[in-house]
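Following: one structure in structure tokens, then a few remarks.
The values are calculated or read from the model by the stated rules, or taken from the named source; none is laboratory data. Quick caveat, the model's predicted, so the values are computed rather than measured. Neighbour counts run over all protein chains shown; Cβ positions are idealised from the backbone, glycine included.
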Amino acid sequence: MERRFDNGPRDGQDFMRSPPVNVGDELDVKIEAVGEKGDGVAKKNGFVLFVPSVKEGDEVRIKVTRVLRKVGFAEVLGKAEGPVHVEEAPVKKEVQPKEAELDYSAENDSENFGEDSSDVFTDSDEEEK
């Protein structure tokens, strides 16, 4: 049996996917946020790049200095030289509840979650053993 400790996807796709950047790549990015340690956060195809000495909203040209499996690090070269691609957050589709789900009458309200009373384990059962 294989033991996993990374809590990553179990389909193996994460291990085959390589980061969308390489050390030495130069990119024009927009700083989307500032992390808790003060570094700017930019993204390239969902891949997070930490950039020091920037503010949220800055559009800068960066050079990737280090690439790890899930994040990378970069340094600022100057202002962005071309158009900056900003990644959009996925739009969450609002789900409307079905009519049957809206019936909150007392007869449908129960503490019984499908358990038979004989299946319920109590402290007194432990003492009998």
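Within the bounds of region 86-108, is there any residue that is surrounded by 10 or more Cβ atoms within 10 Å (Cβ to Cβ), modelled with pLDDT of 70 or more and assigned to a strand (DSSP E or B)?
no
Write out, first by first residue and then by second, each pair whose Cβ atoms fall under 6 Å of each other, whose residues are 6+ apart or on separate chains, and whose first residue, in region 74-85, is closer than 7 Å to VAL60 by Cα and of a type outside the set (D, E, K, R) while the second is at pLDDT 90 or above and outside any loop (DSSP other than H, G, I, E, B).
VAL76/VAL60; VAL76/ILE62; GLY78/ARG61; ALA80/ASP28; ALA80/GLU59; ALA80/VAL60; ALA80/ARG61
What are the residues in region 35-51 that are assigned to a loop (DSSP other than H, G, I, E, B) and in contact (Cβ under 8 Å) with a residue 24 or more places away in the chain, if any?
The first filter runs over region 35-51 and keeps only residues assigned to a loop (DSSP other than H, G, I, E, B), leaving 35-39, 45-46.
Within region 35-51, ASN45, GLY46 meet the criteria.
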